[in-house]
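The values are calculated or read from the model by the stated rules, or taken from the named source; none is laboratory data. In this text, all values refer to a predicted model and were calculated from it rather than measured experimentally. Because the Cβ atoms are built from the backbone with ideal geometry, glycine has one as well, and the counts that use them run over all protein chains shown. Just so you know, the surface numbers come from the protein's heavy atoms only, side chains and all, with ligands and any DNA or RNA stripped out. Shrake-Rupley method; radii C 1.70, N 1.55, O 1.52, S 1.80 Å.
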Amino acid sequence: MTTEFDLGTLLAERGAERYELHGKYLNHQLPRMLHTIGFDKFYDRGEGAHFWDADGNDYLDMLAGFGVMGLGRHHPVVRKALHDVLDAQLADLTRFDCQPLPGLLAEKLLAHSPHLDRVFFGNSGTEAVETALKFARYATGRPRVLYCDHAFHGLTTGSLSVNGESGFRDGFAPLLPDTPVPLGDLDALAAELAKGDVAALIVEPIQGKGVHEAPPGYLRAAQELLHRHKALLVVDEVQTGLGRTGDFYAYQHEDGVEPDLVCVAKALSGGYVPVGATLGKDWIFKKVYSSMDRVLVHSASFGSNAQAMAAGLAVLAVMENEQIVANARLTGELLKSRLAALTDTYELLADVRGRGLMIGIEFGRPRSLKLRSRWTMLQAARKGLFAQMVVVPLLQRHRILTQVSGDHLEVIKLIPPLVIGEAEVDRFVEAFTAVMDEAHSGGGLMWDFGRTLVKQAVANR
Ligand SMILES: Cc1ncc(COP(=O)(O)O)c(C=O)c1O
């Protein structure tokens, strides 16, 4: 018997046990949920905006691994950088030297936000947020952080404290001192700031849950209010950043917005290596790291590791060379306008919104009597079931992966890899049109499935 490790052999021998293993050793609800909606596929290979199952069928990815696959899967330039960095056998993570790659990546990232000066590298989006929360509290000497209703900034305890959904927070209290304010409500913000204990407001320029955009002028006005009260603006670009919305950072959509701290993660390493980065102003970093004694006051064992940094540098080079941001803007406009044109045809389609390749499709109460009773039946069982009814045939019949944009929301969110083009837009719009046709016929498999979902929702209460 050989004791050598061979990944290919292991996968060939035991890959088929994936759902069983997950159910036995990991979060058992995931395979359960996937079986229920028929998403329990065996995907074997991915490239660009597509992946393939064991039978060779191709799937269009409109989810990009919750946004991490900004360049799609296995971009050759990022792959090469990762092979190269392994082959270089660097003396990485000695922890008592300065490696070249973190400085080079920080320089490149900061070039896109010239008003910011320094970067802390961690390992995920939530860690980028935790860093911003700590830095904001330390720099201002104040405890309280404001966040927006429905916000999502990650699920570790600090970022959970600024999460706007009770479904995520319930049962995990006590959290950090925090207060929600409605996105776009400057009066509510001013009222909280007047209390004098606010360190910062953290905000997503476009919220991931529900795809709600900050109203025009809000970020700039919020920044002015915050600064007047010596509090900081923290912008969470974990999902919206790195080109997704058609600007490098989504806050750059409007002039004059200069956040004190910016969080990025997800797409920064091309989906290969966990990574997060918190960008900030010099004075904030100088305050946190105010003496040699404090050099490790905030650090992470895997932070700035060579694989993440090499992947990040490769991703930024590809973004520049292949004009990824411009593609996200143009392809996003095409997709959004073609979907928006369908709102006149389909009464269940209420709104199409978003920017670049971050698009929300919202469903709403239909006008006709025939559809209204069906819609009401679904809503009575659980909000969000109709959106689920759309997501399922998009995968089952059209092999397109999408997601419902949050619990109890009738919104589908599209966040495909930023490399998609007209062909993928055509494929999505055709498939979506077919699903909408079936939904509006009021019968068929789709509504049968709706009834199954209703039964499950009621049984789960
Ligand atoms: C806006 C935003 N912030 C933070 C996070 C958390 O990132 P991670 O899952 O890498 O911890 C997410 C993840 O979806 C996000 O969308």
Alpha-carbon radius of gyration plus Dmax, which is the widest Cα pair, for the stretch 336-387 in Å: 12.2, 36
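Please state the charge dipole magnitude for the chain, taken about the Cα centre, from unit charges on C-beta atoms (+1 on K and R, -1 on D and E), reported in debye and rounded to the nearest 20.
1220
Over the chain, what per residue volume does the convex hull of the Cα atoms give, in whole Å³?
Roughly 171 Å³ of hull volume per residue.
Evaluate 2.2 N^0.38 Å with N set to the residue count of the stretch 19-121, then give the Cα radius of gyration divided by it. Each step should come with its number before you reach the end.
Values: Rg = 19.4 Å, N = 103, 2.2 N^0.38 = 12.8 Å.
That works out to 1.52 for the stretch 19-121.
Given the peptides 313-320, 98-105, arrange them by the average over their residues of other C-beta atoms within 10 Å, most packed first. Walk me through the intermediate numbers first.
On the way: 313-320: 20.1, 98-105: 16.2.
Taking the mean over residues of other Cβ atoms within 10 Å, the ranking is 313-320, 98-105.
Grab the DSSP H runs of the chain that are 4 residues or longer, score each as -39,500 (n - 2.57), total them, divide by all residues and round the 222 nm result to the nearest 500 deg cm²/dmol. The partial results should precede the final answer.
On the way: 18 runs with 196 residues, N = 461.
Calculated mean residue ellipticity at 222 nm is -13000 deg cm²/dmol.
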Here the relative contact order (percent) of the chain, from C-alpha pairs under 8 Å and at least 6 apart, is 19
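Please arrange R451, R244, R73, R32 by accessible surface area, largest first, computed with a 1.4 Å probe and ligands excluded.
Correct descending sequence by accessible area is R32, R451, R73, R244.
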Measuring from label point to label point, each 7 Å out along Cα→Cβ, what is the T376 to D44 span in nm? 5.0
Given a cut-off of under 8 Å on Cα pairs at least six residues apart, what relative contact order in percent is computed for the stretch 204-311? 20
Looking at the square roots a ≥ b ≥ c of the eigenvalues of the Cα gyration tensor of the stretch 295-382, which shape do they give, rounded for a/c under 1.5, prolate if a/b is larger than b/c, or oblate? oblate
Quick one: of the DSSP bridges fully inside the chain, what percent are antiparallel, nearest 5? 65
Average Cα contact separation per residue, the stretch 31-137, under 8 Å, 6 or more apart, as relative contact order %: 12
For labels at R79 and L34 in the simple 7 Å Cα→Cβ model, what's the distance in nm? 2.3
Over 19 Å (Cα to Cα) among K266/K413; K108/K266; K195/K287; K108/K286 -> K195/K287; K108/K286
Rounded to whole Hz and in sequence order, give me ³J(HN,Hα) for the stretch 321-329 from the Karplus expression 6.51 cos²θ - 1.76 cosθ + 1.60, θ = phi - 60°, writing x for Gly and Pro. 5, 9, 6, 5, 5, 5, 5, 4, 5
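Indicate the gyration tensor shape class of the stretch 380-461 (rounded, prolate or oblate), computed on the Cα atoms with a ≥ b ≥ c the square roots of the eigenvalues: a/c under 1.5 is rounded; otherwise a/b larger than b/c is prolate and the rest oblate. Intermediate values should be presented prior to the final figure.
Working: a/c = 2.77, a/b = 1.60, b/c = 1.73.
Because a/c hits 1.5 or more and a/b fails to exceed b/c, the stretch 380-461 counts as oblate.
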What translational D, rounded to a whole number of µm²/s, comes out for the stretch 331-451 from Stokes-Einstein when the hydrodynamic radius is the Kirkwood one over Cα pairs, at 20 °C and 1.002 mPa s? 148
What accessible surface, in Å², does a 1.4 Å probe find on R399, ignoring ligands, DNA and RNA and rounding to the nearest 10? 80
Once you sort the root eigenvalues of the Cα gyration tensor of the stretch 145-274 as a ≥ b ≥ c, which label holds: rounded (a/c under 1.5), prolate (a/b larger than b/c) or oblate (the other case)? oblate
Could you calculate the contour length gain from R169 to Q456, that is, 0.36 nm times the residue separation minus the distance between their Cα atoms, to one decimal place in nm? 100.9 nm
